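The values are calculated or read from the model by the stated rules, or taken from the named source; none is laboratory data. For clarity, every value in this text was computed on a predicted model and none was experimentally measured. Cβ coordinates were reconstructed from backbone atoms using ideal geometry, including for glycine residues, and neighbour counts include every protein chain displayed.
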Amino acid sequence: MDSSLAFKAGLAALGGAGVVGRIALSKGTSSNSGEVISKALEKSLMSFTDNTLSEKWNARKTKLGESKNEDLIPSLKKVKDKAGYTADDIKNWCKENVSGFVDDDEGKKLNNVSSYCTFNVKDKITKTLVTGDWGTTNGKLKTVEDGLLSPSLKAVKIELNKESGADNDALKKWCESTYELMFKGDDDKSFVEASTYCVTA
């Protein structure tokens, strides 16, 4: 596959990972189909009592407003349809639904909880994110051994190293896509790579 096509395919895969990853999680979280969602997502769920998370809950409110109705279970669609719904409405929905099972609504409830009740990768990065010139960060990635990179980030490296016509925003695009993925723990590859290649030195 042409390196440009590989890079674009990698970004497309990341873009769909929010949905695809949650579907995979609902099918492969546990051999016990009756597992409780709060257990399946214990590394990812946001606290319902931490008052410092108000900004993140507000971000979930915005995200819900941009969602497609067909992706929501009835109880969450009811929240969205409520006039003037707040971040607390979403938090309360999460409180009520994390006690559900991973196979409820054919896995759709798990998908919704994963989308609106959990930390994403960006939430958990503690270093300063690159916001301006990506030249230094691009240069850092260009020299990393291929074997140390995930397939999607390897495609970014190949794109950056092209002799002509390289997309110098390739890493920026990868980071922006990866930020939105659900945080699955400190050792998750997406989180580790974003914490390494999307931050200032």
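Looking at Asn111, Asn97, can you tell me which residue is in the same structural domain as Asn58 (by the TED database), of a type outside the set (D, E, K, R) and within 16 Å of the chain's Cα centre (by Cα)?
Asn111
Which residues, taken from region 115-151, are over 14 Å from Thr196 (Cβ atoms) and hydroxyl-bearing (Ser, Thr, Tyr)?
Within region 115-151, Ser115, Tyr116, Thr118, Thr131 qualify.
Given the residues Lys77, Lys127, which is the only one that is modelled with pLDDT of 95 or more, in contact with a helix residue (DSSP H, G or I) (Cβ under 8 Å, 6 or more places away or on another chain), loosely packed, with under 15 Cβ neighbours inside 10 Å and farther than 17 Å from Ser38 by Cβ?
Going through Lys77, Lys127 in turn, just one is modelled with pLDDT of 95 or more, in contact with a helix residue (DSSP H, G or I) (Cβ under 8 Å, 6 or more places away or on another chain), loosely packed, with under 15 Cβ neighbours inside 10 Å and farther than 17 Å from Ser38 by Cβ: Lys127.
Within region 70-88, work out how many residues are free of Cβ contacts under 8 Å to residues at least 24 places away in the same chain and in a helix (DSSP H, G or I).
8
Taking region 43-61 only, how many residues are surrounded by fewer than 11 Cβ atoms within 10 Å (Cβ to Cβ) and either in contact with an Asp or Glu (Cβ under 9 Å, 6 or more places away or on another chain) or in a helix (DSSP H, G or I) (or both)?
Residues flagged as surrounded by fewer than 11 Cβ atoms within 10 Å (Cβ to Cβ) and either in contact with an Asp or Glu (Cβ under 9 Å, 6 or more places away or on another chain) or in a helix (DSSP H, G or I) (or both) within region 43-61 amount to 3.
So, in region 84-100, exactly how many residues are charged (D, E, K, R) and either within 14 Å of Asn58 (Cβ to Cβ) or crowded, with 17+ Cβ neighbours inside 10 Å (or both)?
Of the residues in that region, 3 qualify.
When the residues of region 138-192 are narrowed to those that are within 19 Å of the chain's Cα centre (by Cα) and among the polar types (S, T, N, Q), which ends up surrounded by the most Cβ atoms within 10 Å (Cβ to Cβ)?
Out of the qualifying residues, it is Thr178.
Could you list all residues from region 148-159 that are out of contact with any Asp or Glu (no Cβ under 8 Å at 6 or more places or on another chain) and either among the aliphatic types (A, V, I, L, M) or closer than 13 Å to Asn138 by Cβ (or both)?
Within region 148-159, Leu148, Ala155, Val156, Ile158 meet the criteria.
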